[in-house]
Amino acid sequence: MVAIKQEAQEMIQNLPDSCTYEDIQYHLYVVEKIKNGISRAENGEVSSHQDAKQRMAKWLSH
């Protein structure tokens with residue numbers, strides 16, 4: 001398993017030289033959310049398709 005610090009350094013190295021602090025923060029945020037989602041799925045913490053549709057319907061109705 002790659003250490004978090006090393007993974008962040010590699011991610012930053014792959015960004016363009018013109019990136020901003022906001023770009024770096026956004027990429028770190030997205031990676032964290034993806035890893036959390038994968039972990040939750042592996043632990044069985046998932047929602048059915050129907051549940052997801054109902055939750056989205058609430059957001060889209062406002």
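Please treat every number below as a calculation from the coordinates, not as lab data. A quick note: this is a predicted structure, and the numbers were derived from the prediction, not measured. Here the Cβ positions follow ideal geometry from the backbone for every residue, glycine too, while neighbour counts run over all protein chains shown.
Give the peptides 10-21, 27-38 in descending order of average Cβ contacts within 10 Å, highest first.
Descending packing order for the listed peptides: 27-38, 10-21.
Report, to the nearest 10°, how far helix 4-13 tilts away from the longest principal axis of the Cα atoms in the chain, using its own Cα long axis and a range of 0 to 90°. Its long axis makes an angle of about 70 degrees.
Between E22 and E10, the contour length at 0.36 nm per residue exceeds the Cα-Cα span by 2.6 nm. Checking [x] 5.6; [y] 6.5; [z] 3.5 against mean projected area of the Cα convex hull in nm² calculated from these atoms, the matching label is [y]. Under a point-charge model restricted to the Cβ atoms of Lys and Arg (+1) and Asp and Glu (-1), what is the dipole moment magnitude of the chain relative to its Cα centre, in debye to the nearest 20? The dipole of the chain has a size of about 420 debye.
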